[in-house]
Structures are given as structure tokens and as C-alpha cells.
2 protein chains.
Amino acid sequence: MNQNTDSVTIREVGLRDGLQSIARILPTERKLEWIRDAYAAGQREIEVGSFVPARTLPQLADTAELVAYAKTLPGLTVSVLVPNLKGAERALESGAHALLVPLSASHAHSLANLRKAPDDVVQEIARIRDRRDAAGSACRIEVGMSTAFGCTIQGRVEVSEVLRLLRAVLDVGVDQVGLADTVGYADPLMVSRLFEQCFSVAGARLACGHFHDTRGLGLANVYAAWQAGVRRFDACLAGIGGCPHAPGASGNVSSEDVAYLFASMGVATGVDFDALIGLRAKVAHWLDGEALHGTIWRAGLPKTMLAVA
Amino acid sequence: MNQNTDSVTIREVGLRDGLQSIARILPTERKLEWIRDAYAAGQREIEVGSFVPARTLPQLADTAELVAYAKTLPGLTVSVLVPNLKGAERALESGAHALLVPLSASHAHSLANLRKAPDDVVQEIARIRDRRDAAGSACRIEVGMSTAFGCTIQGRVEVSEVLRLLRAVLDVGVDQVGLADTVGYADPLMVSRLFEQCFSVAGARLACGHFHDTRGLGLANVYAAWQAGVRRFDACLAGIGGCPHAPGASGNVSSEDVAYLFASMGVATGVDFDALIGLRAKVAHWLDGEALHGTIWRAGLPKTMLAVA
């Protein structure tokens with residue numbers, strides 16, 4: 001259990017994981033405003049989009065333009081998601097600081113989602129690293145290991161398989177790995193145990209926790225991962241990014257609730273809470289009619305925190 | 001940190017803390033059905049109501065009748081809330097197994113809520129214990145220390161004051177004490193620290209955690225309290241019991257989400273999950289139009305738990 005006072009980074013993934021699950025297309029102008037305001041609110045890492053074919057996700061077709069703008073903001077780490085080598089080539093061209101490749105620990109989910117077995121994805125990641133190195137790029141390669149806590153298709157995912165794939169991507173030379181529970185199957189004890197085991201394999205290269213709040217345990221899982229030593233978390237403003245199979249169910253943990261959790265515990269995130277809540281109101285207006293989530297925006301900060309907020 | 005496999009008790013307080021915050025009066029017949037079904041779902045401790053003047057809380061005017069019925073269910077611990085000696089006398093007459101006296105650690109909240117300073121409430125508790133002993137009753141006296149983590153009126157509540165009042169009620173001879181965050185000001189680190197300090201004073205007589213989800217941290221706080229050694233939690237079915245000052249804000253942690261948290265972690269609660277979700281649907285129908293909360297009922301159990309549920 002590590003309860004030091006290291007700061008925590010909340011990577012905003014609403015523009016990618018959030019918007020890709022919403023059918024309506026948010027105009028590029030709005031996205032630029034979102035990035036600008038998130039930066040002004042103190043967020044220093046934003047996943048601005050994904051390099052996938054525009055016909056697959058027309059919501060994210062303007063990713064290259066968003067990268068170009070976001071790169072003008074000093075000190076902001078700009079990341080994008082890429083499903084394969086082709087996407088990675090576009091990411092390298094765009095000049096993004098980091099690219100994230102999803103790798104599903106569930107064989108069944110990997111086949112359904114990427115039409116490749118996990119080990120084939122590992123090989124693709126090796127090709128991405130080769131291309132990055134050949135290009136002389138400093139772009140950071142991060143793997144997001146999804147279904148690490150279980151899978152809606154195959155159910156149970158063995159810890160041994162998570163650890164095997166973790167070693168495989170580390171051997172391939174990726175810079176960072178995160179564990180993701182995109183289906184809301186994790187509980188805080190599972191999180192403690194799996195992160196502890198993965199830290200013993202990956203050390204500081206294990207560098208992200210990605211949790212959804214589908215079953216109400218999102219923030220408890222963030223807390224458990226923090227106790228295990230995680231200092232960087234993905235989150236979506238207003239908790240967008242719901243699961244299409246469970247209408248109304250929560251999506252990603254909400255950035256503002258995660259910011260509140262850490263602020264209340266006295267852990268620095270660099271986030272200006274009022275500014276983030278202001279941006280949430282703006283995004284809620286833009287996405288009027290979509291299912292939004294999160295809790296703190298309703299009740300506001302406790303009286304005990306108003307002086308320090 | 002205590003991560004053994006002790007079972008956990010979820011005390012249902014929806015009939016008291018939940019219904020008292022809802023203006024409509026649930027007919028006695030419905031309440032009896034709720035108690036019967038909660039018992040059938042495996043709940044073994046229920047706070048059925050409160051002995052307060054009927055004009056103050058007409059929603060709870062049938063408490064004596066509910067106690068009488070609940071006492072016919074073998075192995076069920078039937079508790080009631082009482083604000084003062086007069087209420088305690090009615091509780092003793094009713095034959096309830098336990099009576100809970102609220103004590104606010106916040107001076108300002110105590111004056112506003114009970115029109116008495118905390119030390120005057122301690123004296124009232126002493127009188128209640130005397131009356132209980134004089135009656136030769138085995139009724140358990142429990143104190144619920146509210147605003148232990150902060151107060152909407154006075155803001156900060158000092159830990160030293162919580163510990164002082166804890167010692168005072170233990171000296172008076174109460175059987176059990178719980179810590180409550182009825183305003184949603186607690187975070188998991190505060191919970192860890194305060195429970196650890198209070199355990200060192202009260203030992204096993206510290207026996208309940210009562211959390212509201214007003215700011216999204218309810219389940220994270222339950223988890224932190226469990227880590228600190230708490231094995232009994234209050235919860236309301238469907239998370240009823242909202243805060244009147246924050247419309248739409250969540251109330252108590254929901255019984256079904258707490259049951260899911262522990263079931264997922266492999267900790268026994270005795271609760272039959274499907275039966276509890278069935279009762280939730282019934283109560284949601286009875287309270288149609290009221291703000292209900294909780295998360296797991298939408299998404300359902302993870303595939304990984306369906307075999308063991």
C-alpha cells in the first residue's frame with residue numbers, strides 16, 4: 001500500500017472513448033473549445049481522438065486536426081488511439097506525443113473487436129514499434145490492456161493470461177502499459193491484486209488505470225488502484241462512453257468525480273475544479289439529450305473544501 | 001488492513017432513513033411486504049422506523065406495528081431510531097431488539113437538528129440506558145454518530161471532538177457505536193483514518209458504517225471502512241434518502257450495490273442478489289416518481305458471477 005503524496009494525472013479521454021460511443025458528431029470547433037478549456041482547467045494529458053477509418057467512426061474523423069491544435073498548447077501531452085499499423089502511421093504523421101494500442105486480454109473479445117487473436121495484436125504492436133523507431137519518432141507507445149478483469153463475451157479472463165500478455169508487450173518494447181476494465185467487471189479487491197501482480201512484472205512501465213462505472217464501483221476501483229501505486233487514470237468528462245449493451249448504464253468514470261476524489265484526499269491533480277465543472281456544463285449543453293453521468297456536479301464541493309478549492 | 005473473509009451485515013435502513021425523506025406515505029401493508037421480502041432475500045437486520053411524534057414524520061407513524069410484525073421473523077434483528085428518552089420508552093414498549101440514537105459530532109448540526117448540544121444528547125443517552133436497565137430489557141442501545149466527517153452547517157468537525165464524544169458514549173455504557181457521513185463529505189482516506197482511530201478507542205463496540213453517496217464516493221468509502229475492519233453497514237434499497245438541499249443528489253448507498261460490492265469480492269452477506277433486485281423493482285413501482293439511485297440493477301451481474309450468484 002503506497003499512500004504517499006505523489007501527484008496524480010487524470011488523462012481526459014472523453015473526446016475519444018466518450019464521443020466514439022455517441023452517434024451524433026460533435027463539430028470540430030466544439031472539440032477545439034473542449035481541448036482549450038480542458039487545458040485551461042489544468043488537464044495536461046488528453047486523448048483527442050482515434051486514427052480509424054472515417055467510415056467506421058465518423059465522430060472521430062477530425063483527429064489529425066485536433067492533434068495539430070492540441071500540440072500548440074505548451075506542456076500538453078497529446079495522445080491518440082490506433083487499432084493497427086495503418087492507424088499508427090497516421091498517428092506518427094500527425095505528430096501526436098503518444099499513441100495507445102488496445103490489446104484485449106480476452107481471446108474472444110479480441111477476435112470480436114479487432115478480428116485478431118491477442119498474440120497477433122502483440123505482433124502488430126512490434127511492427128508499430130519498428131515503424132516508430134525507423135521514423136526516428138519520439139512518439140510514446142502505450143498499450144491499453146482491456147478486459148483485464150473479465151469479458152462480456154468469454155466471461156472469466158485468467159490472471160496468468162494477463163501476465164503473459166503483459167510480459168509479451170514489454171518484451172516487444174512498448175513504453176507504457178495500462179490495465180482497463182471497459183466492461184465494469186472489476187471490484188476493488190481484484191484491482192488491488194491484479195495491479196500488485198502486474199507492478200511486480202512491469203514496474204514503472206505499468207502506468208495507467210482505466211475504469212468504467214457500469215456497476216457503481218468505478219471510483220472504488222480508482223481508489224484501490226491508487227492504493228496499489230497507480231498515479232495516472234483515464235476518465236471522461238461527464239462520464240460519457242456508456243456501454244451500448246446496457247442502456248442508461250454508466251460509462252467511464254467521470255473526470256470531475258475522479259478530480260474530486262483526489263482533491264478531497266489531498267492528492268494534487270493540477271485540475272481547477274470550478275473550471276472543470278464549467279466545461280462540464282458546456283459539454284452537457286452540446287450533448288443535450290445524451291446520457292451523462294457523474295455525481296459531484298450536482299451536489300458541489302463540501303463546505304470543508306470551499307476554502308482550498 | 002484487515003482482508004479476512006468475515007461475513008458482512010447490510011442493515012436495511014430504507015424504511016426509516018429512506019422513507020423519512022420522501023413526502024408520500026407508503027401504506028403499512030407495503031412496508032410489511034417490504035420487510036417480508038427483505039427477510040426472504042436474506043437481510044437479517046432492518047431498521048423499520050422511528051419513534052418520533054407522528055406530526056413530525058407521518059411517514060413513520062406505523063413503526064410500532066412494523067416492529068410487531070418484524071419480530072415474528074426468526075433471526076431478524078429489528079431496530080428503530082429514537083431521538084430522545086420519550087422515543088426510547090416507546091421503543092422499549094414495542095419490544096424492538098435495538099434502538100439507535102443519533103448523536104451529531106457537529107455542535108451546530110446538533111443544535112439545528114435536535115435542539116440540544118452534543119453533550120446534552122450524551123446525557124439523554126445515559127437516561128435511555130438507565131431506563132432500559134430499569135425495565136430489565138435486553139434492547140441493544142446503539143449510537144449513530146453523524147457529521148463525523150464534516151457538516152453542511154459548521155463545515156469542519158475535528159477528529160478530537162469525534163473521539164471525545166465516542167469516549168463519552170462508551171463511558172455511558174452504550175452497546176454499539178457507528179460513524180455516519182449523512183452529508184457525503186467523507187473520502188476513503190478520511191474513512192480509513194477516522195475508523196482506525198475510533199477502533200483504537202472503541203474496539204469491537206465500533207460496529208457500523210453509514211455512508212451517503214451524495215458526491216459519488218459512497219462505495220469507495222464502504223470499501224475503505226471494510227479495509228479498516230468494519231463488518232456492518234447501513235444501506236437503503238434503491239439508494240433512497242436523498243439530501244433535501246441538493247435536488248437529485250444521491251442519498252444513502254444502495255443496498256443492492258453494497259451487496260454486489262461484497263459479493264464480487266467474495267465476502268458473504270447472506271443476501272440473495274436476484275431476490276433483492278426483485279424487491280427493488282417492487283419498491284421502485286411503489287415509489288414511482290421519486291428519485292431512486294443505485295447502479296447494478298441496470299447492468300446486472302457480470303457474466304463472471306452468474307454461475308455463483
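A few notes on this one:
- Where both bridge residues fall in the protein assembly as shown, DSSP classifies roughly 5% of the beta bridges as antiparallel.
- Inter-chain Cβ neighbour average for residues B:207-214, partner chain, 10 Å: 1
- By the Cα gyration tensor, the protein assembly as shown has an equivalent ellipsoid whose semi-axes, rounded to whole angstrom, run 47, 23, 22 from largest to smallest.
- Around residue B:130: net Lys/Arg minus Asp/Glu count, Cβ-Cβ under 15 Å: 0
- Per-residue Cβ neighbour rank within 10 angstrom, fewest leading, A:192, A:160, B:137: A:160, B:137, A:192
- Every Cα-Cα pair of segment A:9-306 was included, and the share exceeding 31 Å stands at 22 percent.
- Local net charge near residue A:29, Cβ-Cβ under 15 Å (Lys/Arg +1, Asp/Glu -1): +1
- Those aspartates and glutamates that a straight Cα-Cα span of less than 20 Å connects to residue B:303, excepting residues fewer than 8 apart in one chain: A:158, A:161, A:181, A:187, A:213, B:256, B:257, B:272, B:274
- Considering only chain B, the C-beta nearest to the rotation axis that sends B to A is found at B:220, 2, the distance in whole Å.
- Remark: mean inter-chain Cβ contacts per residue of A:218-229 equal 5, using a 10 Å Cβ-Cβ cutoff to other protein chain atoms.
- Annotation: the antiparallel percentage among DSSP beta bridges lying fully within segment B:53-205 is about 5.
- Position residue B:155: other-copy label points at 5.4 nm, ordered by increasing distance, label point 7 Å along Cα→C-beta.
- Across the identical copies, how the residue A:268 labels are spaced - nm, sorted shortest first, 7 Å along Cα→Cβ: 4.8
- A run of chain A free of exposed loop cleavage sites, with trypsin sites (Lys or Arg not before Pro) counted only in DSSP states other than H, G, I, E and B and at most 12 other beta carbons within 10 Å, reaches its longest extent at A:116-309.
- Position residue A:86, label points 7 Å along Cα→Cβ, spacing to each other copy in nm (shortest first, one decimal): 7.8
- For A:37, B:171, order by how many other beta-carbon atoms lie within 10 Å, fewest first: B:171, A:37
- Cα lying deepest toward the dipole's positive end in segment B:119-205, options B:201, B:162, B:174, charges on Cβ: B:174
- Cα gyration tensor shape for segment A:170-278, rounded if a/c is under 1.5, else prolate or oblate: oblate
- One compactness figure for segment B:1-126 is 1.13, namely its Cα radius of gyration divided by 2.2 N^0.38 Å.
- Ascending count of other beta-carbon atoms within 10 Å, so fewest first, for A:107, B:285, A:210: B:285, A:107, A:210
- Over chain A, dividing the summed -39,500 (n - 2.57) contributions of all DSSP H runs of at least 4 residues by the number of residues returns a 222 nm mean residue ellipticity of -12500 deg cm²/dmol.
- Residues of type lysines that residue B:86 reaches as a straight line, Cα spacing below 20 Å, ignoring anything fewer than 8 places off in the same chain: B:116
- Most mobile listed residue (A:168, A:180, A:23) in chain A, GNM with C-alpha springs under 10 Å: A:23
- Per-residue shielding of B:258-270, expressed as the average number of other chain Cβ atoms within 10 Å of the residue Cβ, stands at 3.
- GNM remark for chain A: springs join alpha carbons under 10 Å apart, and the peak mean-square fluctuation among A:263, A:138, A:98 falls on A:138.
- Considering only segment A:9-306, percent of DSSP beta bridges that pair antiparallel, nearest 5: 5 percent
- Net charge dipole, chain B: roughly 180 debye, given to the nearest 20, about the Cα centre with Cβ charges of +1 for Lys and Arg and -1 for Asp and Glu.
- Choice from B:152, B:182, B:63 showing the highest fluctuation, given a GNM over chain B with Cα pairs closer than 10 Å: B:152
- Each Lys or Arg adds one and each Asp or Glu subtracts one; over the other residues with Cβ under 11 Å from the Cβ of residue B:164, this totals -3.
Throughout, read-outs are computed from the coordinates displayed, never taken from laboratory work. The structure presented is a predicted model; accordingly, all values stated were derived computationally and were not measured. Quick reminder, even Gly has a Cβ in these numbers, built from the backbone with ideal geometry, and neighbours come from all protein chains shown.
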